[in-house]
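Engineer: Below is the structure I would like to discuss, written out as C-alpha cells.
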Amino acid sequence: MSTDDDGGRVALYIDGGIATVVFDRPAARNAMTWAMYQQLAEACERLASDATVRAVLLRGAGGQAFVAGTDIAQFADFRDGEDGIAYERQIDAGITQLASLPMPTIALVEGWAVGGGLAIATACDFRLATPGSKFGVPIARTLGNGLSIANIARLRAAWGHERVRRMLLLADMVGADEALDCGYLHALVVPDALGDEGLALAQRLAALAPVTQRVSKAALQRLAVHELPEGEDLIRAVYGSDDFREGVRAFVEKRAPVWKGR
C-alpha cells in the first residue's frame, strides 16, 4: 500500500496463513491520517475475502505506540456538528469492519493506545501488551470532542462501565497492570518478546476450528452493540461546540486549551 504525503501508511503482510497489519507513522506515534484509515479499510476488505488467512496481528511501528489516536490537525477543516457526525460514522464503519473479520485478531500494544488507537485495539479479539503500555481516551483534556454510542458500547463491553467513565470524564490513562487485571489484556509481554508471543498466539488460534471462531466472534460482536440508542444528537452537540474548535486550535498552536463550556 502506498505511503501518504506525511509518511504514514498501514501496511499488510501475509505469510503462512498469518497476516500482520502495521501502523507505520512512528514520527507521530502512528496517529492515524484519513489516508491511513482508508488503507486499514482496504486491508480489512482483502482479509475478509481471503480464506487462507487464519489469524491477524496488528501492531504499531517504532516501539513507542500502537496508535496514538487520530491526527488532530486534520480536524481544523471541520465546520460544524455535521462534520463530526460524518467522521464518527466513518470511524464506526471502519471499527465494525475490523471487528467483523471472520478470523481471530490480535493487537500487539507497545506504548500508547489512545483514542482511535484504543478503539482499534478494542475491536480485536485478543490484546498482548508491554508493561509500560497506556490506554485511554483523554479527549476531555485534549480535543473536546466525543465518541459514538457504538464505540462507547465496545469500550464498556471490554473495560467495564466505571473504567470507561474514568477515561472519558477524568481523561484517565489506564496502565498495563490494571488492563491485565480487568481482563482487557490476554497477557503482558516484555518488548523483545512481543512479536514472538503474538505469533505463537496466532498459530495457536490458526490450529482451531475456523467456523466456530467465526460464529463465536459474530455472536460477541452482536451482543456488544445490541439495540444501541440513538446518539447522533450528542455527536452533533460536541463537534458543533466552541470548545471543540478551541481544542483543535490549541493543539495546532501547541498550547493548553481554554474551555468555555459552550
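Engineer: With a Förster radius of 35 Å, plug the Cβ-Cβ distance of Lys254 and His226 into 1/(1 + (r/R0)^6) and report the FRET value to the nearest 0.05.
Structural biologist: Numbers: r = 42 Å, r/R0 = 1.21.
Once the sixth-power term is evaluated, E becomes 0.25.
Engineer: Could you tell me the center-to-center distance, by alpha carbons, between region 13-29 and region 88-157 in angstrom?
Structural biologist: Comparing the Cα centres of region 13-29 and region 88-157, I get a distance of 17 Å.
Engineer: What's the exposure ranking of His226, His161, His186, going from fewest to most Cβ atoms within 10 Å? Could you put the intermediate results ahead of the total?
Structural biologist: On the way: His226 8, His161 11, His186 18.
Going from sparsest to densest Cβ surroundings: His226, His161, His186.
Engineer: Using helices alone, what [θ] at 222 nm do you get for the chain, with -39,500 (n - 2.57) per DSSP H run of 4 or more residues, divided over all residues and rounded to the nearest 500? Before the final figure, lay out the partial values.
Structural biologist: Details: 10 runs with 116 residues, N = 262.
Mean residue ellipticity, 222 nm, calculated: -13500 deg cm²/dmol.
Engineer: Please state the relative contact order of the chain as a whole percent: Cα pairs under 8 Å, 6+ residues apart? The partial results should precede the final answer.
Structural biologist: Working: 494 pairs, mean separation 53.2, N = 262.
Once divided by the residue count of the chain, the mean separation gives 20 percent.
Engineer: Subtract the Cα-Cα distance of Thr212 and Ala73 from 0.36 nm times their separation in residues, and report this length gain in nm to one decimal. Display every interim value, and only then the final one.
Structural biologist: Numbers: separation 139, 0.36 × 139 = 50.04 nm, distance 4.25 nm.
Here the segment from Thr212 to Ala73 would lengthen by 45.8 nm.
Where a number appears in this text, it was derived from the coordinates with a stated rule and is not lab data. In this text, all values refer to a predicted model and were calculated from it rather than measured experimentally. Virtual Cβ from ideal backbone geometry, glycine too; neighbours counted across all protein chains shown.
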